[in-house]
Amino acid sequence: MKAQSIKAIAFDLDGTLIDSVPDLAAATQGMLAELTLPLCDENQVRSWVGNGAAKLVERALTFARGEQATQADIDAAMPLFSRHYEVNLQQHSRLYDGVKSALEQLVKLGYQLAIVTNKPYRFTVPLLEAFGIAHLFNQVLGGDSLEKMKPDPLPLTHLKQTWQLDDEQLLMVGDSRNDILAAKAAGISSIGLTYGYNYGEDIGLSGPTAVCNTFSEVLAQITDSQIVLEQ
């Protein structure tokens, strides 16, 4: 499909628009400390994010206990994590370079923008508001907004249905294989970013339609009518 066919763009949040790991690490460390468990470091948290808060908590508990965390462990720890994350939501997180200006330019050009993240909705909107970009998005879908989250295609098929879009009119932009797998399953094109969180893997191995090293390159890919994005 051609770039000029695109009418709407779905963006992942963590590792795509915002480097949120420092605050997620602070929340994870606070949770572990309250449970009197060994602490993790920021680099470990960076390798654990991407599948929602519950999965992050599970990975942290499994590391700290030295054995697979049970569902009971996770359920007991989640309120602690949530409380610590609310306190640390935007203390150390930052927008990646060029994000705000590129999003503003896309809105000016008439694109509909959405957030499709696995982060719980209750944390997503305040974070967008803290960085002054919430008003740029027509739809915000958290990991708990629908019955399933990425890599399931449901959030993207939901957008297609809500906005009455054909496959070639919606694009997914993200930093992890979950974003690319969701896009493929939904039948839409994707841009993979190399600078985010992808479990130490090259995003190109997931087979996105295009790969970008900076967020500014995303704007160039989308707005340059000479670029052809093939599924």
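FYI, it's all coordinate maths here, none of it is from the lab. Quick caveat, the model's predicted, so the values are computed rather than measured. All Cβ positions, glycine included, derive from the backbone under ideal geometry; neighbour counts span all protein chains shown.
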Original post:
Can you sort HIS92, HIS158 by how many other beta carbons sit within 10 Å, fewest first?
Top reply: HIS92, HIS158
Subject >> Integer Hz, Karplus 6.51/-1.76/1.60 couplings in order for the stretch 117-132, x for Gly and Pro >> reply: 10, 8, 5, x, 4, 4, 9, 5, 5, x, 5, 4, 5, 4, 9, x
Original post:
Say we join alpha carbon atoms closer than 10 Å with springs in a Gaussian network model of the chain; which of GLU201, GLU86, GLU67 then has the biggest fluctuation?
Top reply: GLU67
Original post:
Pairs LYS150/LYS184; LYS148/LYS184; LYS7/LYS108; LYS100/LYS150; LYS7/LYS160; LYS7/LYS148: which exceed 19 Å Cα-Cα?
Top reply: LYS100/LYS150; LYS7/LYS148
Original post:
Of ALA69, VAL21, LEU156, which is farthest on the positive side of the dipole of the stretch 1-159, counting Cα position, with +1 on Lys and Arg Cβ, -1 on Asp and Glu Cβ, and the Cα centre as origin?
Top reply: LEU156
**OP:** Determine the sum of side-chain charges near TRP48: Lys and Arg each +1, Asp and Glu each -1, restricted to other residues whose C-beta is under 10 angstrom from that of TRP48.
**Re:** +2
**OP:** Have a look at ASN138, SER216, TYR199 and report the one farthest towards the positive end of the charge dipole of the chain, computed about the Cα centre with Cβ charges (Lys/Arg +1, Asp/Glu -1).
**Re:** ASN138
